[in-house]
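Reading through the structure tokens given below for one structure.
The values are calculated or read from the model by the stated rules, or taken from the named source; none is laboratory data. Just so it is clear, the model here is predicted, and its values are computed rather than measured. Here the Cβ is made from the backbone with ideal geometry for all residues, glycine too, and neighbour counts use every protein chain on show.
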Amino acid sequence: MKLNSVASLVAATAGIAQATASPDDSLAIFAKRRTADLAQFPDPTWFSKIDSWLSSQKDDGTWSDVNYLSGCAAQRANWPIQEHWNRLITLGAAWSGANPAVSSSRAKDPKLLAAVQKGLDYWFSHDYTPADCMGDGGDATKGCPCGTPGLWNTNWYDQAILIPQLCSTACLLVKDANLTETQRAGCERIPYRAYALRDGTYGTGGRMTGANMVLVMQNSVTLALFTDNSTILADSMTRAMSVMTFVDTPGQDGIHRDGTFLQHDGILYNGNYGKDLLNAFIQLEGEAIGTSFAANNDTRAAMSTYVKGDEWLIYTDSQTRTEHWDFNAIGRFVSFPTVDLQASADINFNVSKLAAATADFKGSYAVNDTIRRLLSNGTEKLTGNRGFWASDYMVHRRSNFMLTNKMISTRSANSESVNGANPYAYHMGHGTLYSYVKGNEYKDIMGAWDWNLVPGTTTLLNQPKLQASQVKYHGLKDFVGVVSDGTFGAAVEDYIDPLTQNLSYRKSWFYVDEGVIVITTNIKKNTTAGNVPVITVLDNRAADSSRALVKSGFIAQLGEQHLATDTLYYRNNGYLAYDHPFQLTLSQGKRSGNWSEISTSTQGMETVDIFSAYTTIKGDSFTYGFFPSISSLKLLKELANPTWKPINKNGVSGVYGKGRASLSFWPGGAKSVKLDLRELGWSNKAGTLTFTSDQPALYLLSAQKKKDKKSVRLVVTLADPTQKLAVASYSIKISGQRYKVREVDEKSEGHEKRGGGSIGFGVKLPTGGLAGSSVSEEVILELN
């Protein structure tokens, strides 16, 4: 659902936001709004099935076409039995009269209520009894071993979150009906079991954190409204909103100050668990706005930052106009096809409802611009560069492409395999580089693609052996991070294979207008790895009838090809080797795979057209450029006359040109680098810039000539990838020309003259939850 403008949403909610309701009124307002919200829970297509469900429901309240398998034999993820509740909720929503899309003739229809009550009776009479079924079902050493009677699942999530959500929803929709005492008791018992453990543990689920805690509290709010319990309502809202605040411990579950959401000990999960938290916020704040339960400023700050961060992670499929999450941000849910309606299918939150929930977010909390762009479905572009230091992640957007880059460090993890999903995802997040131009590059191919060829990664070919027990790993190094000035950026990853330690390297991504230049250095392979080659995956994506183009011409044949070349061009994406030619292995053609092998999807076998390309690296370093949405002619011009000059010398990596330089000073490497002023674009006269960093760090240098044409406005942006330093210092020196510093930005801790004519600068670095973020300072250089 979309509205014509954000202004209309603000106007629509202005009346309830102006004044805060009294505590007594708040409960009634909340209940009315939540009932209206829950009445829209069913998919609109479900209402057309009501008559069929009424006629096919059996006397015991069940349906023959619903899978009621429970206990140890039940499917752990996406428990099929939830279809029973989906039908009860649909019937209850129609009976309530609170969904305007349903004919009013359905309201208070006794046939609907009778069907709901029969369904409730079935479940409540088959409810489990042992407390251990909450989170330890199937454990032979606990009180709920396999064979224990009742409806339960070995996945704690179903007892703690899923079924309480569905049960409390169905019950609130028919709260005003003449329910039996047994029915009311069941409506209270199931969600209260989860609420009662709020300060304890949920068996194998452990203590609830992040999005999971919010979901438990969200269900508890519905319980409170069903029972008219203002105490539970206040407690649940307080707990939920407290989770929707910033967390500052590296890797901690929750919202970080860079706008990313981490779950399961350091995995980037904006598109799944973060999305769940966002949906909970949309519902809770949309219902609480204008009441005593509305979000305070701590929650507003975190949710505003999170929503603005989310936008960077979202791309649009230009064919379907559907918005999707970056594959780096949905964790194990990359293993589901879009038809399964999991995190890969859509952004799965209602932007119009988000606008209503944030209608009173003003000033720095305002998210109107983000909402406007999201409502445009990609027609209004977000451009620039953003570094997410808490998750070791960078997004680079131009009007015609989007690049996303995920790394791992001692603070962050790559992905996971849980509940039968994502068993082959070891390489995910190990320097992944996805590109989106049309937005369908990776759509529905994971069921058949080669999981050893994750786009952007540098690895040993077909190593290690992929298996579910070897997916989730943290990095082994802390010099991993990002620097961004909002337009350009750089990312670095000091990498050791976390499983085998058979491969190590230092990799930098330097983001420019045309795309990204990737420099990999210090490549070392242990002898235990044998003769297995080191490769960098250029891409692994959906194919069409296009043929790959190299410098010598088109690749005429399908199948696997091996060749050496300086350039590769496929579907408007260009690749350019700088120091040594690509040693390419190309593959284009049909591949088959089974979605049910990598997840709980029932879609089974599929055959899709896939194009993959990787280059074998024979030396200890390699540099290439990736330029999305480029013409083949422009790619050849880049080969003949590169716009950017790579730097790879003595432990310093970087690129420079067009008035800019991006530099990475690696641990143990040189502290200085010299750049030609004319090649840098700072001067028409001969001269050299010597830039010195007193510690390993990342830098962006941006210079613009001022109107007097004698001076240069220089902005230096820096970041500490280790996130451990409190201060940093650097110096600049111009040789071959006379110069002086005329101004220093107020953010500078002052500059000092050093030996040899250099000028040094000291900078205070961010700490706490901002450690690793970028800081900038400005100076004016007058060149003579």
Quick one: what pairs do we get from region 89-105, first residue in the same structural domain as residue 177 (by TED's automatic domain parsing) and under 13 Å from residue 115 (Cβ atoms), second surrounded by fewer than 18 Cβ atoms within 10 Å (Cβ to Cβ) and of a type in the set (D, E, K, R), C-beta under 8 Å, 6+ apart or different chains? 90/49; 94/109; 95/108; 95/109
For region 307-328, give me the residue count where each residue is in a helix (DSSP H, G or I), out of contact with any Ser or Thr (no Cβ under 7 Å at 6 or more places or on another chain) and either free of Cβ contacts under 8 Å to residues at least 60 places away in the same chain or acidic (Asp, Glu) (or both). 1
Can you find a residue in region 81-88 that is in contact (Cβ under 8 Å) with a residue 40 or more places away in the chain, under 30 Å from residue 156 (Cβ atoms) and not in a helix (DSSP H, G or I)? yes
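So, residue 469, is that one surrounded by fewer than 21 Cβ atoms within 10 Å (Cβ to Cβ) and over 21 Å from residue 638 (Cα atoms) or not?
Values: surrounded by fewer than 21 Cβ atoms within 10 Å (Cβ to Cβ): yes; over 21 Å from residue 638 (Cα atoms): yes.
Answer is yes for this residue.
Listed residues 376, 399, 417, 391; which is out of contact with any Phe, Trp or Tyr (no Cβ under 7 Å at 6 or more places or on another chain) and buried (at least 24 other Cβ atoms within 10 Å of the Cβ)?
391
Just checking: which of the helices (runs of 4 or more DSSP H) contained wholly in region 164-247 hold 2 or more residues that are within 23 Å of residue 274 (Cβ to Cβ) and aliphatic (A, V, I, L, M)? Spell out how you get there, then give the answer.
On the way: elements: 181-196, 210-227, 230-243.
The helices (runs of 4 or more DSSP H) meeting that bar are 210-227, 230-243.
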Is it the case that residue 647 is part of a loop (DSSP other than H, G, I, E, B) and surrounded by 16 or more Cβ atoms within 10 Å (Cβ to Cβ)? no
With 493, 514 as the choices, which residue is buried (at least 23 other Cβ atoms within 10 Å of the Cβ), farther than 26 Å from residue 418 by Cα and either out of contact with any Phe, Trp or Tyr (no Cβ under 8 Å at 6 or more places or on another chain) or of a type in the set (Asp, Glu) (or both)? 493
Any idea which residue in region 668-695 is farthest from the chain's Cα centre (by Cα), counting only those that are modelled with pLDDT under 95 and of a type in the set (Gly, Ala, Ser)? 686
Cβ contacts < 7 Å: first residue among the charged types (D, E, K, R), restricted to region 196-208; second residue surrounded by 12 or more Cβ atoms within 10 Å (Cβ to Cβ) and assigned to a helix (DSSP H, G or I), any location; separation 6+ or different chain. Result? 198/216; 198/239
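Being outside any strand (DSSP E or B) and within 28 Å of the chain's Cα centre (by Cα) is the filter; apply it to region 535-565 and report the residue that is modelled with the lowest pLDDT. Even if it seems obvious, please write down each step before you answer.
Step one: list which residues in region 535-565 are outside any strand (DSSP E or B), which gives 543-548, 551-552, 555-558.
Pick out the ones that are also within 28 Å of the chain's Cα centre (by Cα) and you get 543-544.
Details: 543: 94, 544: 87.
That would be 544.
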Pick out, from region 369-462, the strands (runs of 3 or more DSSP E) lying fully within it that include 1 or more residues that are under 22 Å from residue 601 (Cβ atoms). 432-436
Out of all the residues in region 566-613, which are in contact with a Ser or Thr (Cβ under 8 Å, 6 or more places away or on another chain), closer than 30 Å to residue 635 by Cβ and part of a loop (DSSP other than H, G, I, E, B)? 571, 572, 578, 579, 581
Scope region 576-606; condition surrounded by fewer than 16 Cβ atoms within 10 Å (Cβ to Cβ), touching a residue at least 60 places away in the same chain (Cβ under 8 Å) and farther than 19 Å from residue 422 by Cα; matching residues: 579
So, of the residues in region 722-747 that are part of a loop (DSSP other than H, G, I, E, B) and under 24 Å from residue 677 (Cα atoms), which turns out to be modelled with the lowest pLDDT? 745
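Please specify each residue of region 316-344 satisfying the condition of being of a type outside the set (Gly, Ala, Ser) and within 15 Å of the chain's Cα centre (by Cα).
Here is the first cut: in region 316-344, the ones of a type outside the set (Gly, Ala, Ser) are 316-317, 319-328, 330, 332-334, 336-342.
Hits for region 316-344 are 316, 323, 324, 325, 326, 327, 328, 330, 332, 333, 334, 342.
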Among the residues of region 644-653, is any touching a residue at least 40 places away in the same chain (Cβ under 8 Å), within 18 Å of residue 582 (Cα to Cα) and touching an Asp or Glu at 6+ places or on another chain (Cβ under 9 Å)? yes
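Looking at 92, 143, 138, 119, can you tell me which residue is in a loop (DSSP other than H, G, I, E, B) and crowded, with 20+ Cβ neighbours inside 10 Å?
On the way: 92 fails: in a loop (DSSP other than H, G, I, E, B); 143 fails: crowded, with 20+ Cβ neighbours inside 10 Å; 119 fails: in a loop (DSSP other than H, G, I, E, B).
Among 92, 143, 138, 119, only 138 is in a loop (DSSP other than H, G, I, E, B) and crowded, with 20+ Cβ neighbours inside 10 Å.
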Given the criteria charged (D, E, K, R), under 21 Å from residue 186 (Cβ atoms), assigned by TED's automatic domain parsing to the domain that holds residue 168 and modelled with pLDDT of 95 or more, does residue 127 qualify? yes
Considering only residues that are polar (S, T, N, Q) and within 30 Å of residue 702 (Cα to Cα), look in region 493-534 and name the one that is farthest from the chain's Cα centre (by Cα). 522
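On the basis of being touching a residue at least 40 places away in the same chain (Cβ under 8 Å), in a loop (DSSP other than H, G, I, E, B) and not aromatic (Phe, Trp, Tyr), does residue 683 make the cut? Reasoning before the result, please.
Details: touching a residue at least 40 places away in the same chain (Cβ under 8 Å): yes; in a loop (DSSP other than H, G, I, E, B): yes; not aromatic (Phe, Trp, Tyr): yes.
Yes.
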Specify which of the listed residues (280, 295) is more than 21 Å from residue 774 (Cα to Cα), modelled with pLDDT under 95, outside the structural domain of residue 601 (by TED's automatic domain parsing) and not in a helix (DSSP H, G or I). 295
Working only within region 230-248, note down all residues that are surrounded by 17 or more Cβ atoms within 10 Å (Cβ to Cβ) and hydroxyl-bearing (Ser, Thr, Tyr). 236, 245
Would you confirm whether or not region 379-393 contains a residue that is among the polar types (S, T, N, Q), modelled with pLDDT under 95 and not assigned by TED's automatic domain parsing to the domain that holds residue 304? yes
Identify, from the list 251, 290, the residue that is assigned to a loop (DSSP other than H, G, I, E, B), at pLDDT below 95 and either crowded, with 21+ Cβ neighbours inside 10 Å or outside the structural domain of residue 162 (by TED's automatic domain parsing) (or both). 290
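Quick check on region 696-721: of everything there that is assigned to a loop (DSSP other than H, G, I, E, B) and buried (at least 21 other Cβ atoms within 10 Å of the Cβ), which residue is farthest from the chain's Cα centre (by Cα)?
The first filter runs over region 696-721 and keeps only residues assigned to a loop (DSSP other than H, G, I, E, B), leaving 696, 706-710, 720-721.
Still in the list and also buried (at least 21 other Cβ atoms within 10 Å of the Cβ): 696, 720-721.
Details: 696: 28, 720: 23, 721: 20 Å.
That would be 696.
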Taking the condition surrounded by 22 or more Cβ atoms within 10 Å (Cβ to Cβ) and over 20 Å from the mean Cα position of the chain (by Cα), does residue 359 pass? yes
Could you grab me the full set of residues in region 466-487 that are out of contact with any Ser or Thr (no Cβ under 7 Å at 6 or more places or on another chain) and aromatic (Phe, Trp, Tyr)? 473
